[in-house]
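I have placed the structure first, in the form of structure tokens, so that the comments after it can refer back to it.
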Amino acid sequence: MQVEKASGKTPDELVGPEMPSSCSYVYDVFMDMNMGRSYGYSGPDPISYESIWAWCNLTETRLSSWEVRVLKRVDVLYVGTMNED
């Protein structure tokens, strides 16, 4: 009901295409990192390279450079969307 009120669209209208299974794990990594994100007065802070490094060490996960670039690009979109008025 909140989604409809805020956007004027039903949740069914907001469903996009399915994510390819070959890259869904990167989204899962992003969502895991997102849970540890800090927030400022204007909304979510970007996930830093230091946070990515710490997450990799804590989870014993090795990410390639392209995976880190994808995470940072997704994060830019996320922060930009969340900080929109």
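A few points about this structure:
- The alpha-carbon atoms of the chain define a convex hull whose volume equals 120 cubic angstrom per residue.
- Computed E for Glu84/Met31 - FRET, C-beta separation, R0 30 angstrom, nearest 0.05: 0.90
- Trypsin sites (Lys or Arg not before Pro), loop per DSSP, at most 12 other Cβ atoms within 10 Å - longest free stretch of the chain: 10-61
Where a number appears in this text, it was derived from the coordinates with a stated rule and is not lab data. For clarity, every value in this text was computed on a predicted model and none was experimentally measured. Here the Cβ is made from the backbone with ideal geometry for all residues, glycine too, and neighbour counts use every protein chain on show.
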